[in-house]
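Q: Just dropping this structure here.
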């Protein structure tokens, strides 16, 4: 069996375990500080994530490429040989190019469980991933169902941008681009949960304008 095929099998097995196991999957902590019918603003706490860059390919390919490397890391491909429980969501962030909703690349990220927040295991160098600090700040979030395909995520990001343009945070986006958060395995067909995230500066809601600090 080829290495890529073996990894695909491993990911599929992991997905089945996530579906069947009666365990609570960790996610980053946040507080909803504003809510409307088609979006909400969340204040996320500071946390550490692992990030995998994936440049010059589509959203779907970037997510698959980055997640494969992150999965290897969680399965023990780190200098500590640590097995790391899966978390949610899988977050794919655009690296903008010519326009605010077009991108030339992405980075794919996973939140680290509380057990590993203080001392993140060091990934093997060949994985080309690294930890970063997700500093406490506000995120405007639009939820959508179905599968997060290339054309679909652009449309959903455009809808959030349109909504924000007529809100008090029309000019509060702290960086170009957007992120797509996915919460389900490929095996789930119905009632899928996805989100578009846009970082905003909203001091009146207790949010600070911050960047991403790299370790």
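Q: For residue 214, only one of the following conditions fails: (1) buried (at least 16 other Cβ atoms within 10 Å of the Cβ); (2) closer than 30 Å to residue 61 by Cβ; (3) in contact with a strand residue (DSSP E or B) (Cβ under 8 Å, 6 or more places away or on another chain); (4) at pLDDT below 95. What is its number?
A: Condition not satisfied by residue 214: (1).
Q: Given the criteria part of a strand (DSSP E or B), farther than 22 Å from residue 196 by Cβ and touching a strand residue (DSSP E or B) at 6+ places or on another chain (Cβ under 6 Å), does residue 41 qualify?
A: No.
Q: If you go through the stretch 171-186 one residue at a time, do you hit one that is surrounded by fewer than 16 Cβ atoms within 10 Å (Cβ to Cβ), over 16 Å from the mean Cα position of the chain (by Cα) and at pLDDT 90 or above?
A: So far as the stretch 171-186 goes, yes, one or more of its residues are surrounded by fewer than 16 Cβ atoms within 10 Å (Cβ to Cβ), over 16 Å from the mean Cα position of the chain (by Cα) and at pLDDT 90 or above.
Q: Can you name every residue in the stretch 144-159 that is assigned to a loop (DSSP other than H, G, I, E, B) and either surrounded by fewer than 16 Cβ atoms within 10 Å (Cβ to Cβ) or on the phi > 0 side of the Ramachandran plot (or both)? Give the derivation first.
A: Pass one, the stretch 144-159, residues assigned to a loop (DSSP other than H, G, I, E, B): 145-149.
Selection gives 145, 146, 147, 149.
Q: Let me ask another. Being touching a strand residue (DSSP E or B) at 6+ places or on another chain (Cβ under 8 Å), modelled with pLDDT of 95 or more, closer than 25 Å to residue 144 by Cβ and surrounded by 14 or more Cβ atoms within 10 Å (Cβ to Cβ) is the requirement here; does residue 48 meet it? Reasoning before the result, please.
A: Values: touching a strand residue (DSSP E or B) at 6+ places or on another chain (Cβ under 8 Å): yes; modelled with pLDDT of 95 or more: yes; closer than 25 Å to residue 144 by Cβ: no; surrounded by 14 or more Cβ atoms within 10 Å (Cβ to Cβ): yes.
No, not satisfied.
Q: Might you let me know whether the stretch 162-171 holds any residue that is touching a residue at least 60 places away in the same chain (Cβ under 8 Å), in contact with a helix residue (DSSP H, G or I) (Cβ under 7 Å, 6 or more places away or on another chain) and on the phi < 0 side of the Ramachandran plot?
A: No - not one qualifying residue is present in the stretch 162-171.
Q: A further question follows. Residue pairs, Cβ under 6 Å, 6 or more apart or interchain, first in the stretch 177-198 and touching a residue at least 60 places away in the same chain (Cβ under 8 Å) and at positive phi, second surrounded by fewer than 20 Cβ atoms within 10 Å (Cβ to Cβ) and in a strand (DSSP E or B). List them.
A: Hits for this filter: 177/96.
Q: Right, here's the next one. Report, by residue number, each residue of the stretch 104-143 that is in contact with a helix residue (DSSP H, G or I) (Cβ under 8 Å, 6 or more places away or on another chain), crowded, with 16+ Cβ neighbours inside 10 Å and farther than 16 Å from residue 88 by Cα.
A: Result: 106, 121, 123, 127, 129, 138, 140, 142.
Q: Then there's this: Within the stretch 97-109, is there a residue that is touching a residue at least 40 places away in the same chain (Cβ under 8 Å), outside any strand (DSSP E or B) and under 14 Å from the mean Cα position of the chain (by Cα)?
A: There is no residue in the stretch 97-109 that is touching a residue at least 40 places away in the same chain (Cβ under 8 Å), outside any strand (DSSP E or B) and under 14 Å from the mean Cα position of the chain (by Cα).
Q: Do we have residue 74 as more than 17 Å from residue 197 (Cβ to Cβ), surrounded by 15 or more Cβ atoms within 10 Å (Cβ to Cβ) and at pLDDT 95 or above here?
A: yes
The values are calculated or read from the model by the stated rules, or taken from the named source; none is laboratory data. As the structure is a prediction and not an experimental result, all values here were calculated from the model. Backbone-built Cβ (ideal geometry, glycine too); neighbour counts: all protein chains shown.
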